[in-house]
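The values are calculated or read from the model by the stated rules, or taken from the named source; none is laboratory data. Worth saying up front: this structure is predicted, and the values here are computed from it rather than measured. Here Cβ is always computed from backbone atoms with ideal geometry, including for glycine, and neighbour counts include all displayed protein chains. Just so you know, the surface numbers come from the protein's heavy atoms only, side chains and all, with ligands and any DNA or RNA stripped out. Shrake-Rupley method; radii C 1.70, N 1.55, O 1.52, S 1.80 Å.
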Amino acid sequence: PLAWESLQPRLGGELDPQVVAQVKEYLRSADQRGLQVILDIHNCARYSPLGVDSLVIGDPGLSLEQFAGLWGRLARALRDSPGVYGYGLMNEPVNILTDTWKQASQAALTAIRQTGDRRLVLVPGSNWSSCQQWVSCHEYHSWIEDPADNFVYEAHLYWDGDADPLARLKVFVDWCLSNGVRGF
């Protein structure tokens, strides 16, 4: 997990070279051990600079282009880094309009592909990426277009509460199967 604010201290600005160097060292170390890493922006669709209220992607002051720009910069910075299995666009987007998240996730994937990077991209759903709410949030159709055809939709399932976890998982699995897409 990576914090957007650490990677990019000034929204829309360049990546912090010290943080990028730390990420690259971590990736080299993982690769030396035969491991691969999913780099995941762990912000729930927010940018939260110190001393300022969180901005949600799509709010005034936090555009889809700024989110896509982060991913374009990160993909360029890590282009030759070993140990990267894939990119997790955002951990559990929440309190963001689903249509806004669909546009933001497509813009980020497009920015990654424009760098020439063809690595796996994990595309979470809105509303915490909830398995059981996948169809009610995203309706019945896949929204990502990927020229590299190397992405998966990422859903989360917590094994708590009274509901049958397999029934909750089935909602997401059936959606993936009906759309002919991969799920994670």
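To the nearest 20 debye, what charge dipole does the range 39-94 have about its Cα centre, counting +1 at the Cβ of each Lys and Arg and -1 at the Cβ of each Asp and Glu?
Values: 4 positive and 6 negative charges, 44 e Å.
Around 220 debye, computed over the range 39-94.
Quick check: with the 1.4 Å probe, what order do Arg76, Arg33, Arg168, Arg119 take by accessible area, largest first?
Numbers: Arg76 125, Arg33 160, Arg168 25, Arg119 45 Å².
The ranking, largest first, comes out as Arg33, Arg76, Arg119, Arg168.
Once amide H atoms are built 1.01 Å from N in the peptide plane, which residues 5 or more positions from Ser130, or in another chain, come under 5 Å H to H?
The list, which skips near neighbours in sequence, is His156.
Please express the Cα-Cα pair-distance distribution P(r) of the range 116-161 as a list of whole percents, one per 5 Å bin, running from 0 to the bin with the greatest distance.
Going out from 0 Å in 5 Å bins, the range 116-161 shows 5, 20, 27, 19, 15, 9, 4, 1, 0 percent.
Rounded to the nearest 0.05, what FRET efficiency do Gln32 and Arg182 give with R0 = 35 Å and r taken as the Cβ-Cβ distance? Could you check?
Values: r = 29 Å, r/R0 = 0.82.
With R0 = 35 Å, the Cβ-Cβ based efficiency is 0.75.
What's the Cα-based Rg to Rh of the range 48-123, Rh via Kirkwood? Let's see the in-between values first.
Details: Rg = 13.0 Å, Rh = 13.1 Å.
Reported Rg/Rh (Cα atoms, Kirkwood Rh): 0.99.
Report the net charge of residues surrounding Ala104, where surrounding means a beta-carbon distance below 13 angstrom and charges are Lys +1, Arg +1, Asp -1, Glu -1.
Values: positive: Arg46, Lys102; negative: Asp59, Glu65, Asp99.
Neighbour charge sum, excluding Ala104 itself: -1.
Once you list every other residue whose beta carbon is under 14 Å from the beta carbon of Leu11, what net charge do they have if Lys and Arg are +1 and Asp and Glu are -1?
Values: positive: Arg10, Arg46, Arg73; negative: Glu5, Glu14, Asp16, Asp53, Asp59, Glu65.
In short, -3.
Which whole number of Å³ per residue matches the convex hull of the alpha-carbon atoms in the range 77-184?
On the way: hull volume 11.6 nm³, N = 108.
With only Cα atoms used, the range 77-184 gives 108 Å³ per residue.
What is the dipole size for the chain, taken about its Cα centre, with +1 at each Lys and Arg Cβ and -1 at each Asp and Glu Cβ, in debye to the nearest 20?
Details: 15 positive and 22 negative charges, 114 e Å.
Dipole magnitude for the chain comes out near 540 debye.
Using only C-alpha positions, report the orientation-averaged shadow area of the convex hull of the range 1-74, nm², one decimal. The partial results should precede the final answer.
On the way: hull surface 20.2 nm².
Mean orientational projected area (the range 1-74, Cα hull): 5.1 nm².
Let's test this: bin the Cα-Cα distances of the chain at 10 Å from zero up to the farthest pair and state each bin's percent.
Bin by bin from 0 Å, the calculated values are 9, 37, 35, 17, 2.
What is the sum of charges around Met90, taking Lys and Arg as +1, Asp and Glu as -1, for the other residues whose C-beta is under 12 Å from the C-beta of Met90? Each step should come with its number before you reach the end.
Details: positive: Arg46; negative: Asp40, Glu92, Glu154.
Around Met90, the surrounding residues sum to -2.
Using the Cα centre as the reference, give the magnitude of the dipole from point charges on the C-beta atoms of the range 89-184 (Lys, Arg: +1; Asp, Glu: -1; all else neutral), rounded to the nearest 20 debye.
Working: 7 positive and 12 negative charges, 55 e Å.
With only Lys, Arg, Asp and Glu charged at Cβ, the dipole is about 260 debye.
Each residue of the range 64-77 in turn: what ³J(HN,Hα) in whole Hz from Karplus with 6.51, -1.76, 1.60 and θ = phi - 60°, glycine and Pro shown as x?
Along the range 64-77, the couplings run 4, 5, 5, 5, 4, x, 4, 5, x, 5, 5, 4, 5, 5 Hz.
Among Leu78, Leu64, Trp101, whose Cα projects farthest towards the positive end of the dipole of the range 35-181, with charges put on the beta-carbon of Lys, Arg (+1) and Asp, Glu (-1)?
Checked the options; the winner is Leu78.
Identify the residues of the range 24-42 with backbone N under 17 Å of a label point that sits 7 angstrom from the Cα of Ile144 along the Cα-to-Cβ direction, or state none.
Residues 37-42 fall inside that zone.
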